[in-house]
1. Evaluate the following for Leu106: is it more than 25 Å from Ala141 (Cβ to Cβ), at pLDDT 75 or above and of a type in the set (A, V, I, L, M, F, W, C)?
2. Suppose the filter is surrounded by 19 or more Cβ atoms within 10 Å (Cβ to Cβ), modelled with pLDDT under 80 and within 26 Å of Arg137 (Cα to Cα); does Ile37 pass it?
3. Take Gly73 and tell me if it is at pLDDT below 55, over 16 Å from the mean Cα position of the chain (by Cα) and farther than 26 Å from Ala125 by Cβ.
4. Tell me yes or no: at least one residue of the range 89-104 is loosely packed, with under 13 Cβ neighbours inside 10 Å and of a type in the set (Asp, Glu).
5. Give the residues of the range 64-93 that are closer than 26 Å to Asp135 by Cα and in a loop (DSSP other than H, G, I, E, B), sorted by residue number.
6. Between Gly154, Gly134, which is outside any strand (DSSP E or B), out of contact with any helix residue (DSSP H, G or I) (no Cβ under 6 Å at 6 or more places or on another chain), closer than 18 Å to Arg71 by Cβ and without any contact (Cβ under 8 Å) to a residue 12 or more places away in the chain?
7. So which of Gly107, Gly73, Gly94 ends up being touching a strand residue (DSSP E or B) at 6+ places or on another chain (Cβ under 6 Å) and closer than 15 Å to Ala42 by Cβ?
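The values are calculated or read from the model by the stated rules, or taken from the named source; none is laboratory data. Nothing here was measured: the structure is a model prediction, and the numbers come from that model. Cβ atoms come from the backbone with ideal geometry, glycine included; neighbour counts cover every protein chain shown.
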Amino acid sequence: MRARGYPVRSALGLLALAACSKVGGQNPPEPQVGPAITLAEAGVTRRVAVALAADLVDAAASHKIEVLVRRPGRLVVLDSYASRPAAMSRCQAGQERWVRLIDWPLGRELFAEQVESCLHDIEPADPIVTYRPGDDRFDVALLSGGAKSVGFDGSVAKR
């Protein structure tokens with residue numbers, strides 16, 4: 001299957017594709033909203049506009065989406081894709097990863113946090129996401145930046 005000239009590969013029953021453009025800058029760029037991923041869940045497919053550091057994406061690579069938490073009307077997903085290789089083959093096999101909270105009925109992103117980046121030296125903690133069934137929040141942890149507690153409404157509090 002092909003979309004916009006890029007191959008689309010299946011991952012855990014979910015398909016994802018990002019359409020992106022180059023954004024300049026030396027520091028980690030602000031996420032650009034506009035690219036979209038396509039999610040298929042329980043026979044329903046939705047395109048969801050997402051935050052994406054577009055200068056870090058290898059346009060030929062597809063996204064791998066892993067559902068971490070399912071709640072009524074909400075999905076917490078881990079979105080992984082190949083880094084754009086840098087000079088001197090840096091990050092040739094690197095990856096960029098985001099934790100995203102998706103409002104499934106509306107098909108929109110409520111929260112996004114980049115949790116791994118080869119190009120910007122962002123390293124995730126283990127585990128990246130902690131969720132205890134019944135809680136109204138989940139935690140996202142980074143080795144370098146502490147943890148955030150995220151509500152299923154998209155609200156964020158530092159841990």
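1. On the way: more than 25 Å from Ala141 (Cβ to Cβ): yes; at pLDDT 75 or above: yes; of a type in the set (A, V, I, L, M, F, W, C): yes.
It is true that Leu106 is more than 25 Å from Ala141 (Cβ to Cβ), at pLDDT 75 or above and of a type in the set (A, V, I, L, M, F, W, C).
2. On the way: surrounded by 19 or more Cβ atoms within 10 Å (Cβ to Cβ): yes; modelled with pLDDT under 80: yes; within 26 Å of Arg137 (Cα to Cα): yes.
Taking the combined requirement at face value, the residue satisfies it.
3. Numbers: at pLDDT below 55: no; over 16 Å from the mean Cα position of the chain (by Cα): yes; farther than 26 Å from Ala125 by Cβ: yes.
No, not satisfied.
4. Keep residues of the range 89-104 that are loosely packed, with under 13 Cβ neighbours inside 10 Å, which gives 89-90, 92-93.
Restricting the remaining residues to those that are of a type in the set (Asp, Glu) gives none.
The answer is no, given that none of the residues of the range 89-104 is loosely packed, with under 13 Cβ neighbours inside 10 Å and of a type in the set (Asp, Glu).
5. Residues of the range 64-93 that are closer than 26 Å to Asp135 by Cα, as a first pass: 65-80.
Pro72, Gly73, listed by residue number.
6. Details: Gly154 fails: without any contact (Cβ under 8 Å) to a residue 12 or more places away in the chain.
Testing whether each residue is outside any strand (DSSP E or B), out of contact with any helix residue (DSSP H, G or I) (no Cβ under 6 Å at 6 or more places or on another chain), closer than 18 Å to Arg71 by Cβ and without any contact (Cβ under 8 Å) to a residue 12 or more places away in the chain leaves just Gly134.
7. Values: Gly73 fails: touching a strand residue (DSSP E or B) at 6+ places or on another chain (Cβ under 6 Å); Gly94 fails: closer than 15 Å to Ala42 by Cβ.
Unique residue meeting the criteria: Gly107.
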